[in-house]
1. Does at least one position in region B:57-80 carry a residue that is in contact (Cβ under 8 Å) with a residue 12 or more places away in the chain and within 11 Å of ligand 1 (Cβ to nearest atom)?
2. Just name the residue that is surrounded by the most Cβ atoms within 10 Å (Cβ to Cβ) out of those in region B:209-244 that are aliphatic (A, V, I, L, M), over 13 Å from the mean Cα position of the chain (by Cα) and not in a strand (DSSP E or B).
3. Please go through region B:1-28 and give me each residue that is more than 29 Å from A:Val61 (Cβ to Cβ) and over 20 Å from the mean Cα position of the chain (by Cα), ordered by number.
4. Out of B:Glu96, B:Glu78, which single residue is within 13 Å of chain A (Cβ to nearest Cβ), surrounded by fewer than 20 Cβ atoms within 10 Å (Cβ to Cβ), modelled with pLDDT under 95 and closer than 19 Å to B:Leu164 by Cβ?
5. Given the criterion assigned to a loop (DSSP other than H, G, I, E, B) and more than 16 Å from ligand 1 (Cβ to nearest atom), identify the matching residue among B:Glu137, B:Glu186.
6. Being more than 14 Å from chain A (Cβ to nearest Cβ), surrounded by fewer than 18 Cβ atoms within 10 Å (Cβ to Cβ), within 16 Å of ligand 2 (Cβ to nearest atom) and in contact (Cβ under 8 Å) with a residue 12 or more places away in the chain, is that true of even one residue in region B:190-208?
7. Quick one: A:Arg108 ticks every box in (1) surrounded by fewer than 16 Cβ atoms within 10 Å (Cβ to Cβ); (2) more than 14 Å from chain B (Cβ to nearest Cβ); (3) part of a helix (DSSP H, G or I) except a single one, so which number is it?
8. Considering only residues of region B:29-44 that are within 16 Å of ligand 2 (Cβ to nearest atom), under 15 Å from the mean Cα position of the chain (by Cα) and not aliphatic (A, V, I, L, M), which is surrounded by the fewest Cβ atoms within 10 Å (Cβ to Cβ)?
Amino acid sequence: MIGDITLGQYYPGNSVVHKADPRVKIIMSLLLMVIVFLTDNLLSLSLALVFSILAVYASKVPLSYAFKGLKPVMIIILFTVVLNVFFSDGTPWFTIWKLTVTYEGVMRAIRTALRITVLITGSSLVTLTTTPLLLTDGIEKLLNPLKKIKVPVHEIAMMMSIALRFIPVLMEETQKIIKAQTARGADFDTGNIFQKAKSFIPVLVPLFISAFRRADDLATAMESRCYRGGENRTRMKQLRMTKIDLVVSGVFVLGLILMMIPDFLF
Amino acid sequence: MAIEINNLSHIYNKETVMEKTAVHDITLTIQDGEKVGIIGHTGSGKSTLVQHLNGLLKPHSGSVTVNGIDTKSKEIKELRKIVGMVFQYPEHQLFEETVYKDIAFGLKKQYEFTQEEMDVRIRAAALAMSISDELMEKSPFELSGGQKRRVAIAGVLVTDPRILVLDEPTAGLDPRGRDELFQSLEEINRTKNTTIIIVSHSMEEVAGFANRILVMNKGTVAMDTTPDKAFEDVDLLESMGLSAPQVTYMARAISGVIKDFPTRIHTVEAMVKELMKVVKHP
Ligand SMILES: Nc1ncnc2c1ncn2[C@@H]1O[C@H](COP(=O)(O)OP(=O)(O)O)[C@@H](O)[C@H]1O
Ligand SMILES: [Mg+2]
């Protein structure tokens with residue numbers, strides 16, 4: 001259940017996608033998202049999906065694992081699909097009971113589902129193939145120009161890397177506490193929604209306490225090592241563009257252009 | 001009425017690159033009332049093995065049967081009543097407003113007793129763990145580390161499990177807390193014939209408490225014997241990242257000087273006894 005959240009979880013590997021510079025990956029996935037949101041063309045969207053699946057394939061992350069990230073948003077997808085199918089204006093297609101299904105509605109539903117799928121797959125692929133450290137490094141570098149207008153870029157990046165770093169830790173902790181309370185007879189699966197929510201109190205209270213304890217420990221550790229923000233800090237691993245990045249960007253841009261062609265033609 | 005483990009294997013993250021066989025083809029039987037110590041290097045699969053006993057983990061192959069209940073069957077609630085499990089750092093599972101309520105949690109979840117019956121059991125569990133009455137209405141978060149640990153263990157004991165599993169229960173306890181814990185466990189085993197399975201790093205602890213020792217190595221049971229036999233082959237133990245109790249090494253050293261001095265000594269008490277013999281009749 002908890003283990004299904006793949007966002008922010010690194011899947012170790014040695015593929016081209018893993019080796020590519022985080023900046024390249026971030027920009028490319030952002031571009032993909034922009035295109036997916038701008039286009040209304042079904043063919044473009046399908047191409048985008050095919051392209052993201054190919055990218056997953058190239059990363060050697062099992063497809064089922066990459067798609068796990070879709071599980072939590074499945075309800076949202078279903079919801080929008082149902083809403084779109086039954087409550088859109090347009091040419092009536094057929095009628096079930098009192099609800100009229102329109103041609104436009106079905107099309108819109110398919111488009112929305114495709115969009116969300118590409119969105120989640122694309123962004124999970126970035127986090128699955130990039131270690132949290134590199135990811136925030138990349139984000140920090142990309143946001144660097146904002147420092148000129150006094151945006152605390154380094155601090156934001158630091159907060160992100162701490163958050164990302166602690167996702168697996170807290171997840172493991174959650175699982176441990178769930179196990180311990182289950183062993184004491186706690187039951188998380190039966191009852192109505194309120195009973196279920198209440199049954200999580202024995203998990204949430206210890207989890208919060210441990211999160212605060214960890215935060216406190218981390219703050220002490222950082223302070224005792226004289227951490228004082230980004231000023232004059234150097235990195236152990238400098239980000240450098242390599243040939244792989246050229247190739248990856250090239251392939252990606254080609255893919256993006258391919259996606260846009262149907263949009264211009266029709 | 002026993003624990004039967006047949007060809008048990010467990011694999012974490014099956015079919016991914018992180019795949020890890022944590023327990024491999026283990027077969028063993030544990031009888032009622034036994035005091036079993038499980039020792040092994042970190043990562044040898046001790047925790048994975050014991051979490052199969054109450055169905056928290058399910059076998060990927062093989063089977064685990066406790067008092068005739070297969071852990072894969074639907075009678076999981078019944079199973080959890082029989083097997084009490086104390087995890088490593090159990091104090092991290094405390095959550096209620098008062099110590100009393102926290103101990104009561106498992107009892108409320110697993111049984112339907114009247115208020116009076118519950119009260120009797122809660123106080124009995126508290127007594128078994130030497131938790132004094134004035135602590136009962138305090139918040140569990142105000143207590144010291146050792147007190148928290150005892151409260152958490154009482155929260156498992158309260159349902160009166162026939163089998164009690166403790167995963168490294170003494171980690172981070174001071175010597176006195178450790179001794180008290182073992183005394184309590186000894187008492188529970190003696191008065192109720194409760195099976196006690198204890199996972200530990202410390203050879204001293206296990207040698208003094210268990211009457212059977214399972215040595216785990218790389219997901220398998222490398223030895224299944226009495227403390228006497230287990231600590232005989234020190235080289236084998238050391239090759240698995242373990243050691244014998246310190247007094248055992250001492251006994252060996254002495255036997256090099258004093259002829260006929262026994263080498264099968266694993267507890268300080270036994271050592272004292274043997275040394276006294278030597279001192280009295282030189
Ligand atoms: N929840 C888990 N997910 C993945 N791997 C795990 C998990 N728990 C344990 N392992 C792995 O299984 C092996 C055995 O672990 P464990 O049973 O905890 O050993 P021990 O308790 O003897 O230290 C270790 O290599 C550990 O990394
Ligand atoms: Mg362990």
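1. Yes, region B:57-80 contains at least one residue that is in contact (Cβ under 8 Å) with a residue 12 or more places away in the chain and within 11 Å of ligand 1 (Cβ to nearest atom).
2. Among them, the one singled out is B:Ala230.
3. Once the filter is applied, which keeps residues that are more than 29 Å from A:Val61 (Cβ to Cβ) and over 20 Å from the mean Cα position of the chain (by Cα), region B:1-28 yields B:Asn6, B:Asn7, B:Asp25.
4. B:Glu78
5. Selected residue: B:Glu137, the only one of B:Glu137, B:Glu186 that is assigned to a loop (DSSP other than H, G, I, E, B) and more than 16 Å from ligand 1 (Cβ to nearest atom).
6. yes
7. Tallying (1) surrounded by fewer than 16 Cβ atoms within 10 Å (Cβ to Cβ); (2) more than 14 Å from chain B (Cβ to nearest Cβ); (3) part of a helix (DSSP H, G or I), A:Arg108 fails exactly one: (1).
8. Top of the filtered list is B:Gly37.
The values are calculated or read from the model by the stated rules, or taken from the named source; none is laboratory data. This one's a predicted model, so the numbers in the text were calculated from it and none came from an experiment. Reconstructed Cβ throughout: ideal geometry from the backbone, glycine too, with neighbour counts over all protein chains shown.
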